[in-house]
Amino acid sequence: MTRWHGPNGIEVEVIVLNVAPLYKVSQTVNGRRYHVAYAATIERLAEHVDLADLVEIYDFPAIDQASAAG
């Protein structure tokens, strides 16, 4: 799954809803996440967030410490 984070707790995820890929925009405020919008295109996404402020987040797999030690 691809995710981007922006300022002020903004998070954008690529999801599949009713077999259509969408951008899901949410915002975390005071520890709670709120749904902002679904966007089908980059142009619609840009109406809700400044694309230049987004940073892609990579999920790295956890390293098994016992196996890594040898």
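Odds and ends about this structure:
- Filtered by the rule that a residue be part of a strand (DSSP E or B), exposed (fewer than 10 other Cβ atoms within 10 Å of the Cβ) and in contact (Cβ under 8 Å) with a residue 12 or more places away in the chain, segment 32-67 gives V55, E56.
- Within segment 1-31, the residues that satisfy the criterion of being among the small types (G, A, S) and either in a loop (DSSP other than H, G, I, E, B) or touching a Pro at 6+ places or on another chain (Cβ under 8 Å) (or both) are G6, G31.
- Residue that is surrounded by the fewest Cβ atoms within 10 Å (Cβ to Cβ), among those in segment 19-31 that are among the aliphatic types (A, V, I, L, M) and either touching a Phe, Trp or Tyr at 6+ places or on another chain (Cβ under 6 Å) or free of Cβ contacts under 8 Å to residues at least 24 places away in the same chain (or both): V19
Computed from the coordinates by the stated procedures, all read-outs in this text should not be read as laboratory data. All figures in this text were calculated on a predicted structure; none of them were measured in a lab. Here Cβ is always computed from backbone atoms with ideal geometry, including for glycine, and neighbour counts include all displayed protein chains.
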